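In what follows, a structure is listed as structure tokens, so that the remarks can point back to it.
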Amino acid sequence: MPTPRRALIAGLGLIGGSIGIALRRRGWHVAYVDPEVALDDAIRAGAADERADSFDGTFDVTVLATPVDAAVDAVSRCRTLTASVCSVMALLRSAADAHGLAFVAGHPLAGSQERGLAAARGDLFEGATWFIDRDEPIVQELIAACGARAERVDASQHDRALALTSHLPQVLSTAIAAYLHDQNIDPRFAGSGLRTFLRLAGSAASVWSPIIAANRENIAAHAEAVARLAQKIIEGIDTEAFNRANEWTAGVPPAGPAASRRRNGDE
């Protein structure tokens, strides 16, 4: 029998845990580094076979599934081919290049406002797009084992696009919820539309603050432009905004069954 692939996952939360579950279901041996997750819990969730004390070179691939600031710090300790799965790519690419690390910056476009190993599931990535900035056979194997589809993209292009399609929506959802809190608005006035809009507001600051910091320049330019557009809509100056919004929204592909189950909202 062929020797099973061996993966080391740094960060066994929603994303790392889901990767671990998916890989183990397909015969991979999975170890993890995460001081917040007990080995018994990892084994019970089906997310790992063992707990590692440190990064070493005995694995086929190391997966950085921590918040982006921790992932940047971990790059210098990696000893084998490494892949990131953070919501920003350019910062990780720069850090890896600075250390001469064999590295693939990546981002699976799947996730949830929920967090932690308890929220992990083996089908989280089924049918999802998984962005990568380099082609590496082992990373391609890992992505396929998770049920996702690899798509090559420039890291900086990815970050510019995600600033508008993912990071700014998170900022807006959080800002509206925080403002509602500050205004002491009675929750009984919240309808289904607001609840849908505020789904992302339940996300963790520990995950999103580093993402926003890493992509602040790209996000800020869009935030200012959206604020100006919102004011024009309120003042009745931009009378075509709803038409343009309807046209663009109609072109967004519908979520498939797996995406609906995982309540797609990337980290």
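The values are calculated or read from the model by the stated rules, or taken from the named source; none is laboratory data. Source: prediction; values computed, not measured. Here the Cβ is made from the backbone with ideal geometry for all residues, glycine too, and neighbour counts use every protein chain on show. Just the protein is used for accessible areas: all its heavy atoms, side chains included, with ligands, DNA and RNA removed. Shrake-Rupley method; radii C 1.70, N 1.55, O 1.52, S 1.80 Å.
Among the residues of segment 54-69, count how many are without any contact (Cβ under 8 Å) to a residue 60 or more places away in the chain and more than 19 Å from Ile21 (Cα to Cα). Even if it seems obvious, please write down each step before you answer.
We begin by selecting, within segment 54-69, every residue without any contact (Cβ under 8 Å) to a residue 60 or more places away in the chain; these are 54-59, 62, 64-66.
From the residues that got through so far, the ones that are more than 19 Å from Ile21 (Cα to Cα) too are 54-58.
So the count comes out to 5.
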Checklist entry - If you check every pair at least six apart or on different chains, which have Cβ atoms under 9 Å apart with a residue in segment 154-169 that is within 20 Å of Ala227 (Cβ to Cβ) and free of Cβ contacts under 8 Å to residues at least 60 places away in the same chain first and a residue that is open to solvent by 40 Å² or more (accessible area, probe 1.4 Å) and of a type in the set (Asp, Glu) second? => result Ala163/Glu217
Item to check | Search result, residues across segment 29-42 that are closer than 21 Å to His107 by Cα, among the aliphatic types (A, V, I, L, M) and open to solvent by 10 Å² or more (accessible area, probe 1.4 Å) | outcome: Val33
Item to check | Pair list, Cβ < 8 Å and 6+ apart or interchain, from segment 23-48 residues that are farther than 21 Å from Phe125 by Cβ to residues that are loosely packed, with under 14 Cβ neighbours inside 10 Å and modelled with pLDDT of 95 or more | outcome: Leu39/Glu50
Checklist entry - In this structure, does Ser209 turn out to be open to solvent by 50 Å² or more (accessible area, probe 1.4 Å), at pLDDT 95 or above and under 25 Å from Ala119 (Cβ atoms)? => result yes
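Can you tell me which residue among Asp186, Asp159, Asp154, Asp182 is within 16 Å of the chain's Cα centre (by Cα) and among the charged types (D, E, K, R)?
Working: Asp186 fails: within 16 Å of the chain's Cα centre (by Cα); Asp154 fails: within 16 Å of the chain's Cα centre (by Cα); Asp182 fails: within 16 Å of the chain's Cα centre (by Cα).
Among Asp186, Asp159, Asp154, Asp182, only Asp159 is within 16 Å of the chain's Cα centre (by Cα) and among the charged types (D, E, K, R).
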Next on the checklist: With the condition being modelled with pLDDT under 95, out of contact with any Gly (no Cβ under 9 Å at 6 or more places or on another chain) and within 19 Å of Thr165 (Cβ to Cβ), I'd like the strands (runs of 3 or more DSSP E) fully within segment 49-110 carrying at least 1 qualifying residues.
Outcome noted: none
Next on the checklist: Can you pull out every residue in segment 121-146 that is of a type in the set (A, V, I, L, M, F, W, C) and open to solvent by 20 Å² or more (accessible area, probe 1.4 Å)?
Outcome noted: Phe131, Ile138, Ala144
Checklist entry - Within segment 7-28, is there a residue that is aliphatic (A, V, I, L, M), over 15 Å from Ile138 (Cα atoms) and open to solvent by 20 Å² or more (accessible area, probe 1.4 Å)? => result no
Checklist outcome for this item: For Arg115, the lone unmet condition from (1) under 30 Å from Leu198 (Cβ atoms); (2) open to solvent by 10 Å² or more (accessible area, probe 1.4 Å); (3) at pLDDT 95 or above is (3)
Next on the checklist: Among the residues of segment 72-84, are any in contact (Cβ under 8 Å) with a residue 24 or more places away in the chain and open to solvent by 70 Å² or more (accessible area, probe 1.4 Å)?
Outcome noted: yes
